[in-house]
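Data block below; observations after.
Coordinate-derived values only; no laboratory data. The structure displayed is predicted, hence computed values, not measured ones. We place every Cβ from the backbone using ideal geometry, glycine too, and count neighbours over all the protein chains shown.
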Amino acid sequence: MQVTFGFLLIVGLLFASGVFSVLLYAKFTGQAWFSESTIAYAETAGAKQQIIMTATPPPVAAPLAPSAMINAPAIRQYPELPSGCEITSLTMMFQYYGIDKGKMELLPELKRDRTPLKWNVDGSIAYWGNPNTGFVGEITGSAKGFGIFHGALFELQKKYIPTAVDLTNQPFEKLEQQLREGIPSVVWTTINYQVPDKWVVWDTPIGPLKTTFMEHAVLLVGFDESNVYVNDPVSGKSNVRIDKARFLDTWNVMGKQALSYTKS
């Protein structure tokens, strides 16, 4: 009996000494034996075994910058291309990207819809090309010209920028994120940045088209909480400030058209 008691006493002292050694080591090394943790239980051999699992807090997302501005070349469409706002805006993007091409160099590569213009007896347009197919009319001003929309212009953009993306119908917040990443976008609006009160309809080889001769394209280069900033090919000026709500109204009625690219 005394031997058994003595043996148990020695074992108890050894165990206590071991625990004390571990705790002392943790104190001097800074490595906690136990820390704040989540406790779970697993069934092992009919009994609950306690398992210590360290809880990892989820990462906190950094707040988005409320504004961004990039410095892209500003190019004027006049005098050579009075109807060439789209290809001029694309040229600004190309030069910012690092492609050494001018608007007149790119002009022969612009996709065209050469459907002849036909008039109604009242002077309205009866039949003409479709800007979703290619540039409609005469871009140089030698005859009536109109423009080109995102799908047809995207073909030329993709030829020079392999990572080109058509962001048409994406939320405007996506274009703002592009600017945060230092990437401009070609966007469609109106010449005076106001919703048109006059629209026209004509028939085309792929069906009727409703549009406005106020149609315009610019290079989106910045934004803040109240405004957007564009390089406007009509004036040739950079960082033109436009009230954001006003701009979004015109961008919406023109079909939320936008061309951009990714960095990889």
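Things to note:
- Residue ID - surrounded by the most Cβ atoms within 10 Å (Cβ to Cβ), chosen from residues in the range 122-144 that are aliphatic (A, V, I, L, M) and outside any loop (DSSP other than H, G, I, E, B): Val136
- Extreme residue, surrounded by the fewest Cβ atoms within 10 Å (Cβ to Cβ), among residues of the range 220-249 that are within 13 Å of Met93 (Cα to Cα) and β-branched (Val, Ile, Thr): Val221
- Selection over the range 70-83 of residues that are within 17 Å of Gln95 (Cβ to Cβ) and in contact with a strand residue (DSSP E or B) (Cβ under 8 Å, 6 or more places away or on another chain) gives a count of 6.
So that you can scan it fast, the table gives a plain yes or no per residue for (1) polar (S, T, N, Q); (2) touching a residue at least 40 places away in the same chain (Cβ under 8 Å); (3) under 22 Å from Leu90 (Cβ atoms):
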position: Pro108; (1), (2), (3): no, no, yes
position: Val121; (1), (2), (3): no, no, no
position: Glu155; (1), (2), (3): no, yes, yes
position: Thr163; (1), (2), (3): yes, yes, yes
position: Phe213; (1), (2), (3): no, yes, yes
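- Among residues of the range 190-211, those that are in contact (Cβ under 8 Å) with a residue 40 or more places away in the chain and in contact with a Leu (Cβ under 9 Å, 6 or more places away or on another chain), counted: 3
- Taken as a whole, the structure places Ala217 among residues that are buried (at least 16 other Cβ atoms within 10 Å of the Cβ) and either farther than 21 Å from Lys101 by Cβ or of a type in the set (A, V, I, L, M) (or both).
- Residue match in the range 175-188 (condition: free of Cβ contacts under 8 Å to residues at least 60 places away in the same chain, closer than 17 Å to Gly84 by Cβ, in contact with a strand residue (DSSP E or B) (Cβ under 8 Å, 6 or more places away or on another chain) and of a type outside the set (Ser, Thr, Tyr)): no
- On the stretch given as the range 155-170, residues that are buried (at least 19 other Cβ atoms within 10 Å of the Cβ) and assigned to a helix (DSSP H, G or I) total 2.
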